[in-house]
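As structure tokens, the structure follows; a few thoughts come after it.
The values are calculated or read from the model by the stated rules, or taken from the named source; none is laboratory data. Keep in mind that this is a model prediction, so the values were computed, not measured. Ideal geometry is used to build each Cβ from the backbone, glycine not excepted, and the neighbour counts take in all protein chains shown. These area figures cover heavy atoms from the full protein model, side chains too; ligands, DNA and RNA do not enter into them. Shrake-Rupley method; radii C 1.70, N 1.55, O 1.52, S 1.80 Å.
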Amino acid sequence: MESGTKKKKIDYYTEDLVVNILARLPLKSITAFTLVCKEWKSIVESQYLHELFMSHHQDSHPSWSLMCRETHKEVIAHYRCDTWGLTQSLGSYISSFLTHQFGIHKEKVTVEAYTDVGLILVSLKQTYYVANPISRQCVEIPPLPRLPRRADIFKPSGLATRIENGVVLGYKVVLMKDTTDTDDISLLIYSSETGLWSFNTVQSPYLLKRVAWFNPVSLNGNLYWLCYNNYRDHLVVSHNLYATGTESDQCRVIEFPHLENDVYFRRAFTTSQGSLMYMKIINEEKDDGSLGLKLCVWRLKSGEWEIVSEISPACIKSGLDYFPLAINPFDANKMYLWSEMHKCLVSTSLLKGKFRRHKKLEYSSDGRIMSFAGDWSPFEHLFNPCFSRFALPHWLHRIPSSPPTDKLRMRIRLRKRAT
């Protein structure tokens, strides 16, 4: 009698009412309802809830962090945002997930790539995994194929994703052959849509002295690597992992703006609001003929760099005083730098040009937290190759499943025969 009464109370609530209640909750809470029953799972995964949730949280941004690739330290962390409702930083969730998933082997695990859609690429003894450290979903990638030549060395490079309406529909794990003085780039690619590894050689329009396989920027199915030519000019080489036709084996080489300026001045490139962004402190000639310094930010648009902001703050006395770190992934007007003089994190509005120093832990008026790890020195690196940004999406999604391989099909057949 009691169980029947409970069922009637549950049935009393209409699906519209349930969806309206869920849409006001953070994503971390919504995910728990998928475990209740099939009906709740169907509601959570419905397009109706997706659209209603987005309308209620359009002014809120997900959590994000800036990770140091060499030390695996979380340099900047934004969390306790309304979208996901996480009480800890993303770095804490990554560490907890690695302990849960790999146990005593955690110290041998390497996070090879971070993305802006909540996925990371992890390696352990030549085995690769694509994982979501928040939901703890983890997919083991099939073993690497036999290389054409044993001398070939392919190194883990990046993780590209295919996204539609904010949902990840597919991903590609990319390894790159380490070569010098070449006009082609050899890639070893795993596709979630085929479940297979494949070799691909992409052609460059120019001879490249070296391509930095490590830590590319991932954006809209493209990977952007740093490289330089025989004149020691720093460039960007990009490849669309989801291109078809003749573009599938081609890459683009893009020059950075202001190459004539001192190459030792600090610069960095990242993404924000769906665009590739480039930051650099450059020389500028003043009206009296003397040289000053200017902080410039560009956006890549249709293959060309478009100037977004030019700031000449009096606080920048030397090109080595400040180190550009990142731009807020959800607010292209908010930029973060390291101040060597004050040994602290500094932010600036690209619209107002005002600089603000930050403490190691700060609370906003709406309860959000920004933390900063200041016990490191970015000035050990020339071109900022060691930072990666990790961010969560605006909506929850599972890691796309791959079609079963021949070996897995054989295992399934054997199990069916045994039963």
Next item on the list: Output the qualifying pairs, or none if there are none: Cβ atoms under 7 angstrom, residues six or more apart or on different chains, first residue in segment 64-75 and closer than 18 Å to Thr87 by Cα, second residue outside any strand (DSSP E or B) and of a type in the set (Gly, Ala, Ser).
Entry: Ser65/Ser89; Ser65/Gly91; Glu74/Ser89; Glu74/Gly91; Glu74/Ala373; Val75/Ala373
Item checked: Sole exception among (1) in contact (Cβ under 8 Å) with a residue 24 or more places away in the chain; (2) open to solvent by 10 Å² or more (accessible area, probe 1.4 Å); (3) touching a strand residue (DSSP E or B) at 6+ places or on another chain (Cβ under 6 Å) for Asp184, by number -> (1)
Check: If the Cβ limit is 6 Å and pairs must be 6+ apart or interchain, which residue in segment 12-36 that is over 25 Å from Asp59 (Cα atoms) pairs with which residue that is among the hydrophobic types (A, V, I, L, M, F, W, C)?
Finding: Thr34/Val44
Next item on the list: Considering each residue of segment 310-325, count those that are of a type in the set (Gly, Ala, Ser) and either within 14 Å of Phe355 (Cα to Cα) or at pLDDT 90 or above (or both), and give that number.
Entry: 2
Item checked: Residues (closer than 28 Å to Glu140 by Cβ, open to solvent by 50 Å² or more (accessible area, probe 1.4 Å) and either basic (Lys, Arg) or modelled with pLDDT under 90 (or both)) located in segment 187-215 -> Trp213, Phe214
Note to self: Looking only at segment 322-361, count every residue that is acidic (Asp, Glu) and in contact with a Leu (Cβ under 9 Å, 6 or more places away or on another chain) and tell me the total.
What the structure shows: 1
Note to self: Residues that are modelled with pLDDT under 85, acidic (Asp, Glu), closer than 29 Å to Gln88 by Cα and surrounded by fewer than 14 Cβ atoms within 10 Å (Cβ to Cβ): does segment 353-367 have at least one?
What the structure shows: yes
Note to self: Quick check on my filter: what residues within segment 228-241 are surrounded by 20 or more Cβ atoms within 10 Å (Cβ to Cβ) and within 14 Å of Thr182 (Cα to Cα)?
What the structure shows: Val237
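For Gly289, indicate whether it is exposed (fewer than 13 other Cβ atoms within 10 Å of the Cβ), more than 23 Å from Leu226 (Cα to Cα) and either modelled with pLDDT of 80 or more or small (Gly, Ala, Ser) (or both).
Working: exposed (fewer than 13 other Cβ atoms within 10 Å of the Cβ): yes; more than 23 Å from Leu226 (Cα to Cα): yes; either modelled with pLDDT of 80 or more or small (Gly, Ala, Ser) (or both): yes.
Against the criterion (exposed (fewer than 13 other Cβ atoms within 10 Å of the Cβ), more than 23 Å from Leu226 (Cα to Cα) and either modelled with pLDDT of 80 or more or small (Gly, Ala, Ser) (or both)), Gly289 qualifies.
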Checklist line | In segment 58-82, the residues that are surrounded by fewer than 22 Cβ atoms within 10 Å (Cβ to Cβ) and polar (S, T, N, Q) | finding: Gln58, Ser60, Thr71
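Every residue, every condition in (1) open to solvent by 70 Å² or more (accessible area, probe 1.4 Å); (2) in contact with a Cys (Cβ under 8 Å, 6 or more places away or on another chain); (3) of a type in the set (A, V, I, L, M, F, W, C), yes or no:
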position: Glu15; (1), (2), (3): yes, no, no
position: Asn20; (1), (2), (3): no, no, no
position: Leu27; (1), (2), (3): no, no, yes
position: Lys38; (1), (2), (3): yes, no, no
position: Ile43; (1), (2), (3): no, no, yes
position: Leu52; (1), (2), (3): no, no, yes
Next item on the list: Could you figure out which of (1) touching a residue at least 24 places away in the same chain (Cβ under 8 Å); (2) surrounded by fewer than 20 Cβ atoms within 10 Å (Cβ to Cβ); (3) under 28 Å from Val111 (Cβ atoms) isn't true of Thr87?
Entry: (1)
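Okay, residues lined up against (1) surrounded by 16 or more Cβ atoms within 10 Å (Cβ to Cβ); (2) polar (S, T, N, Q); (3) touching a helix residue (DSSP H, G or I) at 6+ places or on another chain (Cβ under 8 Å); (4) under 16 Å from Ile189 (Cβ atoms):
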{"residue": "His105", "(1), (2), (3), (4)": "no, no, no, no"}
{"residue": "Tyr114", "(1), (2), (3), (4)": "yes, no, no, no"}
{"residue": "Val117", "(1), (2), (3), (4)": "yes, no, no, no"}
{"residue": "Tyr128", "(1), (2), (3), (4)": "yes, no, no, yes"}
{"residue": "Asn132", "(1), (2), (3), (4)": "yes, yes, no, no"}
{"residue": "Ser135", "(1), (2), (3), (4)": "yes, yes, yes, no"}
{"residue": "Pro145", "(1), (2), (3), (4)": "no, no, no, yes"}
Checklist line | Lone unmet requirement of (1) closer than 26 Å to Ser309 by Cβ; (2) modelled with pLDDT under 60 for Arg389 | finding: (2)
Next item on the list: Among the numbered conditions (1) touching a Lys or Arg at 6+ places or on another chain (Cβ under 8 Å); (2) over 21 Å from Val217 (Cβ atoms), tell me where Asn165 comes up short.
Entry: (1)
